[in-house]
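Undergrad: Following this message is one structure expressed as structure tokens.
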């Protein structure tokens, strides 16, 4: 199955962060993704019709911030299965 990203310039680093299993690497990758997303948000023209991308960016940023604040929540969820 081919994974086609709609916004690869920032979704690639975002995806790398949210799929990282090592907590130390996760935090480092999440920080890079956060910086990339913030940079992209700042580059968007407020008057442009980038509403879908802006919403995706804000959603991704929120998810990253939760993950960076509570990385154990994802791991704990996986351990509670089985």
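Undergrad: Can you tell me which residue within the stretch 1-29, out of those that are in contact with a helix residue (DSSP H, G or I) (Cβ under 7 Å, 6 or more places away or on another chain), free of Cβ contacts under 8 Å to residues at least 40 places away in the same chain and surrounded by 15 or more Cβ atoms within 10 Å (Cβ to Cβ), is farthest from residue 70 (Cα to Cα)?
TA: The residue in question is 13.
Undergrad: Suppose we keep only residues that are part of a helix (DSSP H, G or I) and over 12 Å from the mean Cα position of the chain (by Cα) within the stretch 16-27. Which one would you say is modelled with the highest pLDDT?
TA: By that ranking, first place goes to 25.
Undergrad: I'd like the full set of residues that are over 10 Å from the mean Cα position of the chain (by Cα) and part of a helix (DSSP H, G or I), limited to the stretch 36-60.
TA: Hits for the stretch 36-60 are 38, 39, 40, 41, 42, 43, 51, 52, 53, 54, 55.
The values are calculated or read from the model by the stated rules, or taken from the named source; none is laboratory data. This is a predicted model, so every value here is computed, not measured. Quick reminder, even Gly has a Cβ in these numbers, built from the backbone with ideal geometry, and neighbours come from all protein chains shown.
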